[in-house]
Amino acid sequence: MSRLAYKSRIQIGYLVIFVLVTSMLAPYKVVSQTTSQPRLEVESDPLAFVFNGYSLHTAITYSGFRTSLGVFAIETPDFLLQNDAFSVYTSGYDVKTDYLFGESSGFFTGIQLSYTTDKIELKYSEENSDKLRSLNIGFRAGYRFMFGKIENNYKGFYISPWVALLYNPSAKTIWQDSQEYKQASWVPFPTIHLGWRF
């Protein structure tokens, strides 16, 4: 296959994905409950702190949609590693856009784009470490439990459990002292966020 034909196939693939996502979201825009003004939200993932990391995300909700920017880090638990001889510390930032199936509260679905850096070390030898950088994209879905009053536009505390399936198109394999570490191409990511809506 020629290079030009390959690039054309990639561009067509991106176009198909865009059309599919747009067609999935467009019908819901008509029936969505729009708010009179955008709302600011701040949230964090408590599991990140449990696993020696951090998490901070800010978001704006507008016309049935929600867009957020965040920074995060987490030490991957051993039971999630293919080779537990390694320790893996992941940090990065992300952008997410969701469609809210209701008036801020309830189910949502969306897309996520994350840029991550994995710092990989053997547990018994911290002299060598590798850093693998990845750009991941995926879909996510979850539910928002809003504890604020509906007449006050749900201002206040909320809880949002969600799950994402992320794709890493540039997954790599490294070796340290005859031990193999292989990045996964597909990564499921379930979590729960605690937040405050202003």
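Name the single residue that is farthest from Glu43 (Cα to Cα) among those in region 177-187 being within 17 Å of the chain's Cα centre (by Cα) and assigned to a strand (DSSP E or B). Restricting to residues being within 17 Å of the chain's Cα centre (by Cα) and assigned to a strand (DSSP E or B), the top hit is Trp186. Selection of region 42-58 for residues being touching a helix residue (DSSP H, G or I) at 6+ places or on another chain (Cβ under 9 Å) and within 17 Å of Val95 (Cβ to Cβ) yields only Ser55.
Could you list, in sequence order, the residues of region 111-151 that are over 30 Å from Tyr181 (Cβ atoms), charged (D, E, K, R) and surrounded by 13 or more Cβ atoms within 10 Å (Cβ to Cβ)? Hit for region 111-151 is Arg144, nothing else.
From the list Phe198, Phe108, the one residue that fits, being over 11 Å from the mean Cα position of the chain (by Cα) and loosely packed, with under 14 Cβ neighbours inside 10 Å, is Phe198. Answer yes or no: is there a residue in region 63-86 that is more than 22 Å from Asp118 (Cα to Cα), out of contact with any strand residue (DSSP E or B) (no Cβ under 8 Å at 6 or more places or on another chain) and in contact (Cβ under 8 Å) with a residue 12 or more places away in the chain. Yes, some residue in region 63-86 is more than 22 Å from Asp118 (Cα to Cα), out of contact with any strand residue (DSSP E or B) (no Cβ under 8 Å at 6 or more places or on another chain) and in contact (Cβ under 8 Å) with a residue 12 or more places away in the chain.
Computed from the coordinates by the stated procedures, all read-outs in this text should not be read as laboratory data. Only a predicted model underlies this, so the values are computations on that prediction, with no experimental measurement involved. Backbone-built Cβ (ideal geometry, glycine too); neighbour counts: all protein chains shown.
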